[in-house]
Amino acid sequence: MLIKQLFSTLMIATILIACQEKSSSKWTSLKLIQNAPSLVRLNLGDSSEDHGDGMAFEASLRDTDGKEVGEVLGWLITVDLLDGDSLNKIVKTDKIGSLVIKLGDDEIIAQGRTYYSQNQKIMNSGVPQRRAIVGGTGKYKGVTGQITTTRNEDGTYTHELEMKIDE
């Protein structure tokens, strides 16, 4: 009797494991070099950069061989934050935004934040910033992952995408 129950339980477990949907997708990487961007700032208050101010940008993208493969479009919203205590305030700026990476007729969408040091208008060079890849179109439909962006000394940016496309 015990052997029959054990055998039945084992058979049911085997069937359940065999019926589970297995993802055939795998992680892939893509490295892109962005030319120096064209920036447009939208100031919604006084002359300083403040909460809610916006910045739009666009730039062409190249692969690691230097061939132009697309463009990046972006929109960032400024959010000023204070760290420290009331006597030792540390002002930093986070920009929350979206990137659209256009590769031909296909797009990859990323969202997240970028940290800027006090009173800086551009990212610090050499400091990687990560955003979530939240979707895409065309051959990137169903994509997830992250993009790590680093500003280079020459004003270009390196985007390293780690992504998986659910099939």
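The values are calculated or read from the model by the stated rules, or taken from the named source; none is laboratory data. Predicted model only: the values in this text are computed from it and were never measured. When we count neighbours, we look across all protein chains shown, and the Cβ atoms used for this are built from the backbone with ideal geometry, even at glycine.
Numerical summary
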| quantity | calculated |
| --- | --- |
| Number of the condition not met by E71 [criteria: (1) in a strand (DSSP E or B); (2) modelled with pLDDT of 95 or more; (3) farther than 27 Å from T28 by Cα] | (3) |
| Selection status of K164, more than 10 Å from the chain's Cα centre (by Cα), assigned to a helix (DSSP H, G or I) and more than 20 Å from M55 (Cα to Cα) | no |
| Filter result (without any contact (Cβ under 8 Å) to a residue 40 or more places away in the chain, out of contact with any Ser or Thr (no Cβ under 8 Å at 6 or more places or on another chain) and small (G, A, S)) within the stretch 29-71 | S38, G45, S47, S48, A56, S60, G66 |
| Search result, residues across the stretch 74-114 that are at pLDDT below 95, of a type in the set (A, V, I, L, M), surrounded by fewer than 20 Cβ atoms within 10 Å (Cβ to Cβ) and closer than 17 Å to F57 by Cβ | I77, I96 |
| Residue in the stretch 104-117 that is closer than 17 Å to K31 by Cβ, within 11 Å of the chain's Cα centre (by Cα) and of a type in the set (S, T, N, Q) present | no |
| Contacts under 8 angstrom Cβ, first residue in the stretch 150-167 being surrounded by 13 or more Cβ atoms within 10 Å (Cβ to Cβ), partner hydroxyl-bearing (S, T, Y) and not in a strand (DSSP E or B), 6 or more apart | M163/Y140; K164/S25; I165/S25; I165/Y140 |
| Selected residue (criterion: nearest to the chain's Cα centre (by Cα)) from residues of the stretch 15-59 that are at pLDDT below 60 and not small (G, A, S) | K22 |
